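Working notes, structure below.
The values are calculated or read from the model by the stated rules, or taken from the named source; none is laboratory data. Please read all numbers here as calculations on a predicted model, not as lab measurements. Here Cβ is always computed from backbone atoms with ideal geometry, including for glycine, and neighbour counts include all displayed protein chains. Heavy atoms of the whole protein, side chains included, go into the accessibility calculation; ligands, DNA and RNA do not. Shrake-Rupley method; radii C 1.70, N 1.55, O 1.52, S 1.80 Å.
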Amino acid sequence: AAERQRSSLDSPDSPTSPQSQGSLSGPASSSVLVLLPDTETQDPYDFGSDDDESDDEHDSQLEIQGLPMPPLGSPVVFLYLLSPYLRLGSMYIIDGGEPISLWYGLLTLICASSLSAFCRHLWFMLGRYLRKFTLEDILIEAFVRGRGQGRQHSFARSTIACAIALFRVLLAAMYFRDSVNSVLQLVPEDMQSLAHPYVSAFLGFFVLVLCISDTVAAKPVIYASALSTVSYIAWLIVVSHAHATGTIQPFTSWQQRGVLWNIYSSIVFACTTTLTVPLSASLAGSLVAWPVKQHRAKRFKLLNVCSAALATLLMLPLVIFTSLHNGRTSDPSSLLVPIFRTVTLSLAIPSVVVSSPMPRLSHMRRFTSVNPAKFIFVLSAVLLSLASPSVANTVWDLTLALACLGTFLLPALTHITIHYFRRPLTIVLPQAPQSVHASPRCSVSGRRSVSRPSLDPLLQRKERYLQRRRLGKRLLWDAGIWLVLIPTCTCVVIWAGGRLTGMW
């Protein structure tokens with residue numbers, strides 16, 4: 001009986017035999033067997049899922065090779081996420097001006113830090129969704145029509161790089177000028193004009209030495225950023241003691257900042273950040289290179305929220321001090337304030353310079369191992385820091401506007417453009433091969449859906465279901481953008497326009 005059953009299973013006429021399977025579909029069938037991913041854990045834009053693994057090991061290795069900076073560990077990424085909060089913007093909060101309401105100050109601080117963390121996560125999700133590792137690539141994908149590497153893309157990439165470099169030069173010039181003014185507070189008043197150029201040259205050379213590295217993953221840049229953060233904490237302790245004893249001396253450069261500057265705008269400026277996209281990509285690369293059980297999205301969310309919360313706590317005493325009416329007189333104990341302030345800002349400049357896009361002058365490598373563009377960058381920042389007060393006011397206003405637009409408004413506009421004006425990326429539909437003579441309108445890049453989708457109705461139904469599922473998970477972020485971020489940015493732009501035109 002067993003032999004009879006086995007022979008019936010192996011018989012060509014048996015319906016379960018391999019030979020008879022072709023008779024079920026027929027020779028004219030065009031059905032295609034498609035291997036679908038596990039959509040419960042492999043949605044590439046799954047905001048609620050903790051799993052964000054790559055499609056395969058080959059793609060993971062390609063991601064590591066395409067990163068703008070080497071893979072970084074979680075402590076280093078946390079340092080670079082935290083340090084931008086603890087710089088000049090935080091120090092500007094207590095530099096003078098009329099005391100503010102404590103509740104308004106706390107509300108501004110909480111809203112600015114929360115929106116900053118929200119926008120950081122927007123950049124992270126956009127980079128993960130588009131499989132892009134730099135800000136330039138994301139902006140080109142969003143705002144440049146057509147696909148490929150044509151002349152239009154090259155021009156757009158150069159324009160974006162120049163805009164980023166300009167902002168970094170202006171930011172470094174602000175740090176230089178404030179550092180020099182802090183040092184000059186330790187010099188007798190009759191010798192300050194003579195010591196000014198020498199102090200600027202010394203700090204410029206000191207910063208240039210720390211900027212020799214080519215990436216923020218280099219140890220000199222990491223140590224400088226860490227020491228800058230430690231110096232800020234020491235500065236905060238000294239300032240707290242001086243405010244408690246009523247012996248703090250206000251900084252003298254409050255009148256040298258443009259019409260957009262006040263205590264509230266200083267709080268907002270303190271919450272502006274950069275480097276979110278390459279940092280999140282480098283963290284993802286480190287998790288691929290050194291496998292751990294925790295996932296990328298969950299790790300970056302945790303680092304982002306923790307850095308914003310810790311920075312808020314470290315800026316909270318400054319807002320409280322600003323709301324108090326304490327007498328302020330000069331005292332020898334307050335001399336530590338300009339010292340720690342200079343150290344904090346000087347050591348913060350290398351990460352700004354090294355992370356800036358610079359042209360690679362390969363023909364100069366035979367003469368020096370240092371990129372000459374860095375020397376030009378540092379020299380430009382030093383010269384701008386020596387500008388007259390009228391020029392400095394314009395530079396300060398421009399820097400504040402660029403920092404706020406790049407931190408809060410740009411990610412919102414990019415998110416809206418990608419998800420409301422661009423064709424969504426496919427999830428399970430296979431990509432059709434591109435024709436050599438295809439028009440630019442029909443050509444796509446990466447995993448974007450093509451103009452001629454698959455004809456398989458089951459696959460199309462699966463694609464529509466996953467697209468709806470992806471949209472449902474994005475509704476919370478869309479609501480935050482349309483109901484909170486865009487109205488807030490609109491009100492700030494109207495206020496800034498009124499200040500610039502003298503209406504209020």
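Taking residues in segment 97-110 that are in contact (Cβ under 8 Å) with a residue 40 or more places away in the chain and under 20 Å from VAL259 (Cα atoms), and partners anywhere that are open to solvent by 40 Å² or more (accessible area, probe 1.4 Å) and part of a helix (DSSP H, G or I), the pairs with Cβ atoms closer than 6 Å and at least 6 places apart or on different chains are THR108/TYR264. Scoring ARG128 on the criteria (1) modelled with pLDDT of 90 or more; (2) in contact with a Phe, Trp or Tyr (Cβ under 9 Å, 6 or more places away or on another chain); (3) of a type outside the set (Asp, Glu) leaves a single failure, condition (1). Checked against (1) at pLDDT 95 or above; (2) over 27 Å from SER113 (Cα atoms); (3) not aromatic (Phe, Trp, Tyr), ALA403 meets all criteria but (2).
Of the residues making up segment 467-482, those that are in contact (Cβ under 8 Å) with a residue 40 or more places away in the chain, surrounded by 12 or more Cβ atoms within 10 Å (Cβ to Cβ) and within 24 Å of the chain's Cα centre (by Cα) are ARG470, LYS473, ARG474, TRP477, ASP478, GLY480, ILE481. Within segment 348-386, restricting attention to residues that are of a type in the set (Val, Ile, Thr) and under 27 Å from ASP178 (Cβ atoms), the residue that is modelled with the lowest pLDDT is VAL370. Pairs are defined by a Cβ separation below 9 Å, a sequence spacing of at least 6 or placement on different chains, a first member in segment 239-253 that is modelled with pLDDT of 80 or more, and a second member that is open to solvent by 20 Å² or more (accessible area, probe 1.4 Å) and of a type in the set (Lys, Arg); the pairs so defined are ALA242/ARG328; HIS243/ARG328. Annotation: of all residues in segment 98-109 being in contact with a Ser or Thr (Cβ under 8 Å, 6 or more places away or on another chain), part of a loop (DSSP other than H, G, I, E, B) and not polar (S, T, N, Q), the one that is surrounded by the fewest Cβ atoms within 10 Å (Cβ to Cβ) is PRO99.
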